[in-house]
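Notes follow once the structure below has been shown.
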Amino acid sequence: MNAKDEMDAKDDRKIVAFLCNWCSYAGADLAGISRFQYPPNIRVVRVPCSGRVDPLFILIALKNADAVLTSGCHPGDCHYTSGNLVARRKFSLLKSLLDFVGVEPERVQFDWISAAEGNRFAARINTLTDQVSKLGVWDRWGSVVDD
Amino acid sequence: MTDTNTLSKIQEKARRLLEDGKVEVVIGFAAGTVPGKSTPSFISAKEDCESLVWDNGCSLNLAKYVLKEKRKAAIIVKGCDSRSLVNLITENQIKRENLYIIGAACPLSASCAGCQVKVPVIYDELIEDGSEIREVSTIAERRYDDVLEFEKLSAEERKAYVYGEVSKCIRCYACRNVCPACYCKECFAEKSLPQWIGKTTDIGDNLIFHLIRALHVAGRCVDCGSCQRACPMGVNLRLLNHKLLMEVGSLYQFEAGLKEDQILPLNTYQYDDPQPFLAKGGGHE
Ligand code: SF4
Ligand code: SF4
């Protein structure tokens with residue numbers, strides 16, 4: 001790979017973002033309406049609640065994406081009262097398991113972003129894309145061999 | 001290591017239960033066809049109680065068999081089997097009153113490292129043999145040496161090991177089938193609408209199967225070790241189980257199957273639960 005190809009490959013990195021309908025998706029929307037710039041690497045999947053995000057979704061997404069962000073309403077602000085609080089426990093365990101088996105911590109991230117945090121959403125995607133572009137090639141669960 | 005005294009008490013108890021018509025079947029162990037491996041046995045005639053054994057080969061978790069038992073049953077349990085029964089009761093999979101529990105201390109000569117619950121936590125009758133009975137409240141949060149050692153390796157080394165382990169897997173699902181915590185009518189591994197993971201032994205499918213299997217038993221696994229013993233390929237399944245057991249212990253101060261009024265950690269939450277993922281994976285600046 002020459003330097004340019006490598007840059008392109010990095011720009012190509014795909015990030016799946018599971019965003020809850022009530023907060024984080026609206027936050028992304030606000031970022032758009034407010035014309036906050038963020039890289040085009042993310043592919044948004046709108047979910048009713050962060051509690052809907054099964055760890056299985058995240059692992060499956062990693063078959064075709066380089067990183068996954070899951071974001072919901074801040075604790076206490078869930079549209080369904082406690083969906084994000086239940087999700088938080090699942091995420092904590094998933095995260096520690098992935099760290100344990102040697103998956104880079106930057107690859108799977110969680111956050112709380114409210115509908116009013118358009119600027120924070122854009123900033124978050126900027127940092128995330130930056131972090132992911134600095135990682136080595138993701139093997140997509142063993143299907144891609146690093147050359 | 002057959003303790004004849006304990007065994008004869010078990011046999012006697014089983015015989016009496018069948019004789020008195022208290023139960024229709026006794027679930028226990030009989031000698032297996034392979035030396036050193038005892039096999040689950042369903043005894044409905046009192047004369048057959050003599051075939052029961054209680055020895056080093058009784059490592060399987062018998063709680064699994066209660067799930068499908070329609071008859072009024074007695075079950076002979078060691079520590080971990082009894083904890084699985086507690087789980088199944090609190091998860092509304094079985095009814096306590098339909099079951100007669102004969103408890104006896106774990107007969108395995110090489111017990112699982114760090115096991116603190118050799119004597120059953122629930123029973124209708126306990127066959128005492130002088131083994132130490134631990135009060136649930138004295139059971140300390142467990143540290144697993146395999147996990148602590150593994151965490152000393154670099155991320156690359158850890159990944160290489162786990163990839164190596166799961167690539168041995170032939171996806172026979174023996175680990176799942178033997179596990180008393182795995183009772184879903186339709187397992188995610190076999191769902192077809194949508195089909196989440198392929199049925200091949202492709203490394204990606206295997207990894208996802210293993211990670212999700214471990215997460216599905218998180219906070220419910222009692223570390224009986226049946227999954228690993230059942231695996232024909234020698235996959236180290238307990239490493240991931242142990243990691244999650246430790247994690248659940250330190251994040252939520254919980255160990256499964258100890259108390260009949262337990263609330264499983266993934267069925268609940270606290271407003272101030274720790275959020276380790278925010279600190280490690282970026283997030284709030
Ligand atoms: S996961 Fe393995 S060790 Fe845990 S309860 Fe199931 S069979 Fe036992
Ligand atoms: S028992 Fe072993 S080979 Fe079979 S599915 Fe489980 S890990 Fe794979």
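The values are calculated or read from the model by the stated rules, or taken from the named source; none is laboratory data. Being a predicted model, the structure only gives us computed values, none of them experimental. Methodologically, a virtual Cβ is constructed for each residue, glycine included, from the backbone with ideal geometry; neighbour enumeration extends over all protein chains shown. Only protein heavy atoms, including side chains, enter the accessible area calculation; ligands, DNA and RNA are left aside. Shrake-Rupley method; radii C 1.70, N 1.55, O 1.52, S 1.80 Å.
Might you check whether a residue that is away from ligand 1 (no atom under 16 Å from the Cβ), crowded, with 16+ Cβ neighbours inside 10 Å and modelled with pLDDT of 95 or more occurs anywhere in the stretch B:183-200? Scanning the stretch B:183-200 turns up no residue that is away from ligand 1 (no atom under 16 Å from the Cβ), crowded, with 16+ Cβ neighbours inside 10 Å and modelled with pLDDT of 95 or more.
Cβ-Cβ contacts under 9 Å between residues 6 or more apart (or on different chains), taken from a first residue in the stretch B:152-180 that is touching a residue at least 24 places away in the same chain (Cβ under 8 Å) to a second residue that is in a helix (DSSP H, G or I) and among the acidic types (D, E), are listed as B:R171/B:D205; B:P180/B:D81.
For beta carbons closer than 7 Å, sequence separation of 6+ or different chains, a first residue in the stretch A:118-147 that is under 26 Å from A:S24 (Cα atoms) and a second that is surrounded by 13 or more Cβ atoms within 10 Å (Cβ to Cβ) and β-branched (V, I, T), the qualifying pairs are A:R120/A:I113; A:F121/A:I113; A:R124/A:I113; A:I125/A:I42; A:L128/A:I15; A:T129/A:I15; A:V132/A:I15. Of all the residues in the stretch B:147-177, those that are within 16 Å of ligand 1 (Cβ to nearest atom), crowded, with 19+ Cβ neighbours inside 10 Å and of a type outside the set (D, E, K, R) number 4. Taking the stretch A:75-132 as the range and being at the interface with another protein chain (Cβ under 9 Å from one of its Cβ atoms), open to solvent by 20 Å² or more (accessible area, probe 1.4 Å) and among the hydroxyl-bearing types (S, T, Y) as the test, the residues that pass are A:S82, A:T127. Could you check the stretch B:1-94 for strands (runs of 3 or more DSSP E) lying wholly inside it with 3 or more residues that are farther than 22 Å from B:A256 by Cα? Strands (runs of 3 or more DSSP E) meeting the threshold: B:25-31, B:38-43. Listed by position, the helices (runs of 4 or more DSSP H) contained in the stretch B:203-285 that have at least 1 residues being open to solvent by less than 50 Å² (accessible area, probe 1.4 Å), more than 7 Å from chain A (Cβ to nearest Cβ) and touching a residue at least 60 places away in the same chain (Cβ under 8 Å) are B:226-230, B:238-252. As a summary of the residue check, B:R142 satisfies the conditions (1) outside any helix (DSSP H, G or I); (2) crowded, with 20+ Cβ neighbours inside 10 Å except for the one numbered (2). Residues considered: B:H242, B:H216. Of these, the only one that is in contact with a Phe, Trp or Tyr (Cβ under 6 Å, 6 or more places away or on another chain) and within 12 Å of ligand 1 (Cβ to nearest atom) is B:H242.
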